[in-house]
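The values are calculated or read from the model by the stated rules, or taken from the named source; none is laboratory data. These numbers come from a predicted model, not from an experiment. FYI the Cβ positions are ideal-geometry reconstructions off the backbone, even for glycines, and counts take in every protein chain you see.
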Amino acid sequence: MLQRGVQHVVLELPAPGVAAVVAAAKGKDVMLFNAAAPEDILRAGQCAPQLFHTLPSHAMQMDAIAQLLVARKWNRPVVLVGPTPGDRLLQAAWQRSAKRFGVKPVAERAFKLSNDPRERDLGNVRLLTSERDYDAVVVLDAQGEFAAGVPYRTVLPRPVLGSNGLVAQAWSPFYERHGAPQLTRRFLRRAQRTMGSYDWATWMAARCAAEVAAAYIKTSLAQQVQALRQGAIAVDGYKGQRLTFRAWDGQLRQPVLLAHGGGIADIAPLEGFLHPRITLDTLGYDAPETGCKAP
């Protein structure tokens, strides 16, 4: 693509693939959009000036979950954490969000799906949720296998959030405000399936690339990168406001939908969570917190 003169590339890759492309494109005249990898490290130690992110990060997703718990006064959840490296990333993001918003879990328990009789208790939802009292169950399961069996199996009748139940998403076909149904219908006609978070993030990346290329058609790519990072380009994402990228890590500011199987429970940032400049920056790493050192 670089040899053909392509300057705007949308990446639908896992985090290691994104990091590899960023390394290969270092010093090259190209703008990269990560539309599929939520890992925070890509917005921190592995960030790059020309790398932008349209999918909400793990930190943004967990901040949205934590805001809902605080707003509903479900401040004392039980947390179930899986054994995989992806689960550990979710756990780290969750622990940061819980501390940030004052959520105080009553317990954090490891779960594991296993055929080993000695590990049978690690997959027993009733045993793992046998605390005397708790307000909710937060499940951190990157692959979604264990999380699928948690709702309606807990000892107490409590809401499930995180990797199942109520999930923080970039998009949901049940979102019905701000022109969203029209976007959802157009995607359905074209793709013959409903629009999900990765679809929205990919469409948004292409839209941002087109907007900045059209607005700065006679300038250098470096000036286009600067325009996106400084918020000179704002794009309608059908979420009620025009969206811009953060200067410090290239993440697209955006509302996060708190969705379940049949609808939308709420939209983060929730009412009452304030920020000195932009309320959307209550989700994810703010400028003073960023681990991105890219110029």
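Quick one: what pairs do we get from region 217-244, first residue outside any strand (DSSP E or B), second surrounded by 15 or more Cβ atoms within 10 Å (Cβ to Cβ) and polar (S, T, N, Q), C-beta under 7 Å, 6+ apart or different chains?
So the pair list comes out as Leu221/Gln7; Val225/Gln50; Gly231/Thr244; Ala234/Thr244; Gly237/Gln254; Lys239/Gln254.
Considering each residue of region 70-100, count those that are closer than 15 Å to Gly284 by Cα, touching a residue at least 40 places away in the same chain (Cβ under 8 Å) and either buried (at least 19 other Cβ atoms within 10 Å of the Cβ) or among the polar types (S, T, N, Q) (or both), and give that number.
Residues that pass the stated criteria total 4.
Is it the case, given these coordinates, that Pro173 is in contact with a Phe, Trp or Tyr (Cβ under 9 Å, 6 or more places away or on another chain), outside any strand (DSSP E or B) and on the phi < 0 side of the Ramachandran plot?
Spelling it out, Pro173 is indeed in contact with a Phe, Trp or Tyr (Cβ under 9 Å, 6 or more places away or on another chain), outside any strand (DSSP E or B) and on the phi < 0 side of the Ramachandran plot.
Would you mind finding the one in Leu188, Leu161 that is at negative phi and in a helix (DSSP H, G or I)?
None of the other options fit; the residue is Leu188.
Looking at Leu280, Leu257 in this structure, which one is aliphatic (A, V, I, L, M), assigned to a helix (DSSP H, G or I), closer than 25 Å to His178 by Cβ and not assigned by TED's automatic domain parsing to the domain that holds Pro159?
Exactly one of Leu280, Leu257 is aliphatic (A, V, I, L, M), assigned to a helix (DSSP H, G or I), closer than 25 Å to His178 by Cβ and not assigned by TED's automatic domain parsing to the domain that holds Pro159, namely Leu280.
Can we say Leu42 is in contact (Cβ under 8 Å) with a residue 60 or more places away in the chain and buried (at least 22 other Cβ atoms within 10 Å of the Cβ)?
no
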